[in-house]
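One structure is given here, and the rest of the page talks about it.
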Amino acid sequence: MEKYEYTMESADSRDEETAMVPFKKKSRRHGKLVKAAALLLALALLCGVSGLGGAALYARFAQPEDSAPVGDMTNGPVNMAALASGELSAEDLYEAVLGSCVGITVSTTVNIFGQTTTSAASGSGFVLTADGYIATNYHVIEEAAENNAAIEVSFANGERYTAALVGGDEEADVAVIKIDAQDLTPVTLGDSDSLRVAQWVCTVGNPLGELTFSFSDGRVSALDRVISTEDGESMNMLQTNCAINPGNSGGPLFDERGRVVGIVTAKYTNASSTVSAEGLGFAIPIDDVKTVLSDLIEYGYVTGKPQLGVSVSSVSGVMRRYGIPAGAAVEEVVSGSCAQKAGIQVGDIITSFDGKTIGSGDELVTAVKSKRAGDTVEIVLYRQGESVTVSVTLDEKSSAPVEEQPATGWSEYGWPFGGGYVRGGSEGEDL
């Protein structure tokens, strides 16, 4: 899998004197840098909204339906047979899904030296249940999660609601909010695992926070892109050439039958280059986050997060020229973890995880994230010139502090000694 850098398409910032402009995803509060390690840290946001309907929602997630919802709130019903067969026109498909798409605005008031200023951030989302649960990106509502900012949801028919934050998961970049409403038109969740490159897709969102409920279409450009954010986090994405701009974040990516196959999240940028990239956007595959959405609704946080119990870095190109294989070099092993119980040692290089070749620390992060606590996987290690296979039953991630073993396998300059291998030049990733 290829690796790219991107900037989160978070909300646009606005104050009394400036127009909406995009801003980059912030680092964690209290000065703690967000690294790729944060991909596997649990985030429990318990807000005053109950998780009613979670079991029913999970059942809905588990099996994609054969048709999309009927019509939107303003344009009336559509031809369901045509929609189910994928023969509906783009115009009718837009009318069918419009009532399930929302705009999201997060407003916060800050008092600075006696002066009160109000800023707004805009994004998109989509209706999950008829009784008001709505999905979006975590970075769209990040200010609400951290500073209790107000969340407003708007529909294409002009209706507006105040929303409460149910829960969010920063590492998955997914959140669920709730409005007090009934008889809404929920989306149908599709099967992103069955997508093919060049398949037609479309999105409905709020680019720039002002061009509300805009439709754009394109193709699936690539699947399984390992994307690295500016904060060092790694995520699995599908790539599309749909027009994606600030304000589209959190919106749905639909297939030709109006089923949600992704959550629009990011647009490629390169801060070190003056060349801008067009037609290069990303979305979170919906199959990667169905369980996350269900957990957020039912519990307010994500259960069953896996933990391997190691800290790793990528093997450097210099060491690969000395015959050391590409992979994730183990720098630390957590005492009492499943990794330690399985016999994984500092200095080992993980080259395969559950049958998947591992070429870097980022790839191992993505592979572990795709599993659930309690899953048993086979891990292939390179140890002192030999291949060793171990079986590991993944632990459940805990927010409690853990005691780590010292990284005794590394020399002062990162060169190997005593069976250890050189670091890959990137910061350690805790799994």
Go through segment 112-154 and give me each residue that's modelled with pLDDT of 90 or more, outside any strand (DSSP E or B) and either surrounded by 24 or more Cβ atoms within 10 Å (Cβ to Cβ) or outside the structural domain of G205 (by TED's automatic domain parsing) (or both). L128, N137, Y138, H139, V140, I141
When you look at S228, is it out of contact with any strand residue (DSSP E or B) (no Cβ under 8 Å at 6 or more places or on another chain), over 25 Å from G190 (Cβ atoms), modelled with pLDDT under 90 and surrounded by fewer than 23 Cβ atoms within 10 Å (Cβ to Cβ), yes or no? no
Test result for V226, assigned to a strand (DSSP E or B), in contact with a Lys or Arg (Cβ under 8 Å, 6 or more places away or on another chain) and closer than 25 Å to A367 by Cβ: yes
Filter segment 357-374 for residues that are within 21 Å of the chain's Cα centre (by Cα) and surrounded by fewer than 17 Cβ atoms within 10 Å (Cβ to Cβ); the one that is nearest to N236 (Cα to Cα) is S370
Scan segment 382-404 for residues that are in a loop (DSSP other than H, G, I, E, B) and at pLDDT 85 or above and jot them down. Q384, G385, L394
Which of the residues that make up segment 324-359 are among the hydroxyl-bearing types (S, T, Y) and under 17 Å from S387 (Cα atoms)? T351, S352, T357
Is segment 186-193 home to any residue that is surrounded by fewer than 16 Cβ atoms within 10 Å (Cβ to Cβ), in contact (Cβ under 8 Å) with a residue 12 or more places away in the chain and farther than 23 Å from E278 by Cα? yes
Might you check whether a residue that is over 24 Å from M235 (Cα atoms) and part of a helix (DSSP H, G or I) occurs anywhere in segment 164-171? no
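The values are calculated or read from the model by the stated rules, or taken from the named source; none is laboratory data. None of these values were measured; they are calculated from a predicted model. Note: ideal-geometry Cβ built from the backbone for every residue, glycine included; neighbour counts use all protein chains shown.
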